[in-house]
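*Asks:* Sending over a structure as structure tokens; questions will come in a sec.
The values are calculated or read from the model by the stated rules, or taken from the named source; none is laboratory data. Remember, it's a predicted structure, so these values are computed and weren't measured experimentally. Backbone-built Cβ (ideal geometry, glycine too); neighbour counts: all protein chains shown. Side chains included, ligands, DNA and RNA excluded: accessible areas come from the protein's heavy atoms. Shrake-Rupley method; radii C 1.70, N 1.55, O 1.52, S 1.80 Å.
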Amino acid sequence: MSSSSLPAKDLEESVYFKDDVFRVRCDITVTKEIVAELTTPRAVVVPPSDMHQHLAWLLSSSEGSDVAFEVGGETFPAHRCILSASSEPSSSVENAAARVRIDDMEPKAFRAMLHFVYTDSLAEGSTAAMAQHLLVAADR
């Protein structure tokens, strides 16, 4: 017999066992008010987006680029998916050749335009003159 079981003799002699009936007393208290402790969930702190930094790195590293622009003797690797996401739905960025030559545009303006497309911000040191070039580049 295990040490946790009660011998039958002890049970039969118990005050809770009388006339072949085992009695168990339970005290239950019922209140009219329900009291529940609710905890307010803690607010999740979402850090500010740094996607623009990742996209700037992607542009500067050329990793995974699948299209190149030749502008004023310089080559600018880019990513069709990024350009397509920033273009009008009717544009054919996805069907563009692997190398695209662009005449009549300054390399600095094209670099600034790519930076804006990738990061949604002007490059550091942008001037009013550069903004004018960006407007021309964006129109093309």
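Let's see how each residue does on (1) at pLDDT below 90; (2) of a type in the set (D, E, K, R); (3) under 30 Å from His115 (Cβ atoms):
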position: Ser14; (1), (2), (3): yes, no, no
position: Lys32; (1), (2), (3): yes, yes, no
position: Thr40; (1), (2), (3): yes, no, no
position: Val67; (1), (2), (3): no, no, yes
position: Val71; (1), (2), (3): no, no, yes
position: Ser90; (1), (2), (3): yes, no, yes
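*Asks:* Here's something else I'd like to know. Within the range 46-53, is there a residue that is modelled with pLDDT of 80 or more, touching a strand residue (DSSP E or B) at 6+ places or on another chain (Cβ under 9 Å) and in a helix (DSSP H, G or I)?
*Replies:* Looking through the range 46-53, none of the residues is modelled with pLDDT of 80 or more, touching a strand residue (DSSP E or B) at 6+ places or on another chain (Cβ under 9 Å) and in a helix (DSSP H, G or I).
*Asks:* Name the single residue, out of those in the range 59-72 being part of a loop (DSSP other than H, G, I, E, B) and acidic (Asp, Glu), that is most open to solvent (accessible area, probe 1.4 Å).
*Replies:* Top of the filtered list is Glu63.
*Asks:* Is it true that some residue in the range 42-58 is closer than 30 Å to Ala123 by Cβ, of a type in the set (Gly, Ala, Ser) and surrounded by 10 or more Cβ atoms within 10 Å (Cβ to Cβ)?
*Replies:* There is at least one residue in the range 42-58 that is closer than 30 Å to Ala123 by Cβ, of a type in the set (Gly, Ala, Ser) and surrounded by 10 or more Cβ atoms within 10 Å (Cβ to Cβ).
*Asks:* To continue, here is another question. Can you spot a residue in the range 75-85 that is at pLDDT 85 or above and assigned to a loop (DSSP other than H, G, I, E, B)?
*Replies:* Within the range 75-85, one or more residues are at pLDDT 85 or above and assigned to a loop (DSSP other than H, G, I, E, B).
*Asks:* When the range 121-134 is examined, which residues are found to be under 17 Å from Ser86 (Cβ atoms) and at pLDDT 75 or above?
*Replies:* Ser121, Leu122, Ala123
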